[in-house]
Amino acid sequence: MSFQLDSQAMDAGDGAPQVNIREGNSTNIDFILRNTDLALANSLRRVILAEVPTIAIDLVEVEENTTVLADEFICHRLGLIPLNSKGVDDLFYSRDCDCENYCDACSVVLTLHARCTGIDVMTVYARDLVVSGNPLNDSLGQPVITDPAGQGSIICKLKKGHELKMKCVAKKGIAKEHAKWAPTAAVGFEYDPNNALRHLDYWYEVDPEKEWPVSENADLEDKPVDGEPFNYDAVPSRFYFNIESAGGLEPDVIMQQGIKVLQRKLADVHQELVERTTDGADGFGGAREPEVMDGYNQEPGYTTPWQGNQSQWGNQGSMSAYGGGAQTPHGATPYGHAY
């Protein structure tokens, strides 16, 4: 779908966060997030990039490799092949599973067996990866193939007599652990395309307007007028996203999963704060101030835990560590005797 947005229509509505989708398909989605702050928008961007779970080949058992490529080289290429991650939420992380190595509850097993018997060079593609075992659904772990020929990514090439036989174990993970689990190929993020807030200081040689052309998003916002007073209280409220999927998940699913991950992280923080407050884990018996801890004299002022108004130096009142009153280590102060 593709349509144009009217700027006035976008500004209508209440103060709740809103999403306006400008264009979307199976691999790309372009939308505008508004009525929120920069911290939330950027947090969503970072979560989409690094913390949305997908599935990728993580363990390879090499049974036969007589090609010119080393085992490690081929295994690295296998790990970067995008796999269908539909239903990955139902899959356990391998660290959370009770099995010793891998099982159907935490992984998907794929087999690869190719042998060149002719004189022509044989190309091994991602389509040659075959899912075995009992995956959670028919799509999970299947290689993503989008080219018209239906072959997928090239794994390697074989000459006559060369053979490649491997067992690949795909596991659940996030891009923060390794880039092969990245759900997106790229995430575009922009706000304040006219730089009205002056968050950017463009370096230029002659003319910044020619050397730094504005994006098409600048037409949706009012351009700053030369000479008008700068509003130091202005904050961005409209954010332009463009999510390009790597193929394992559809872009709208990536967006929804990113929101779920962010909600879960915020819930964990809230729960931790509640537990610290109710259990007194902050060291001060919950929400109480340090001066009312048990064992302290709770009278206001300079009272210390050293009995009454005494300090740890054994002197009364406002005495210092060097003797009576306001004296210094060199005697009385220049303003007279201690008081």
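In terms of distances greater than 24 angstrom between alpha carbons, the cross-link table entries Lys86/Lys157; Lys86/Lys167; Lys86/Lys260; Lys167/Lys265 yield Lys86/Lys157; Lys167/Lys265.
With θ taken as phi - 60° and the Karplus curve 6.51 cos²θ - 1.76 cosθ + 1.60 applied, the whole-hertz 3J(HN,Hα) list for the range 77-84 is 5, 5, x, 8, 6, x, 10, 5 Hz, x standing for glycine and proline.
Annotation: amide H-H contacts under 5 Å for Ile155 (H modelled 1.01 Å from N, sequence separation of 5 or more, or interchain): Val124, Tyr125, Ala126. For the range 190-246, the list of chymotrypsin sites (Phe, Trp or Tyr not before Pro) that fall in a loop by DSSP and count at most 14 other C-beta atoms within 10 angstrom reads Tyr202, Trp203, Tyr204, Phe230, Tyr232.
Rule-based calculations on the coordinates, nothing more; no lab input. This one's a predicted model, so the numbers in the text were calculated from it and none came from an experiment. Here the Cβ is made from the backbone with ideal geometry for all residues, glycine too, and neighbour counts use every protein chain on show.
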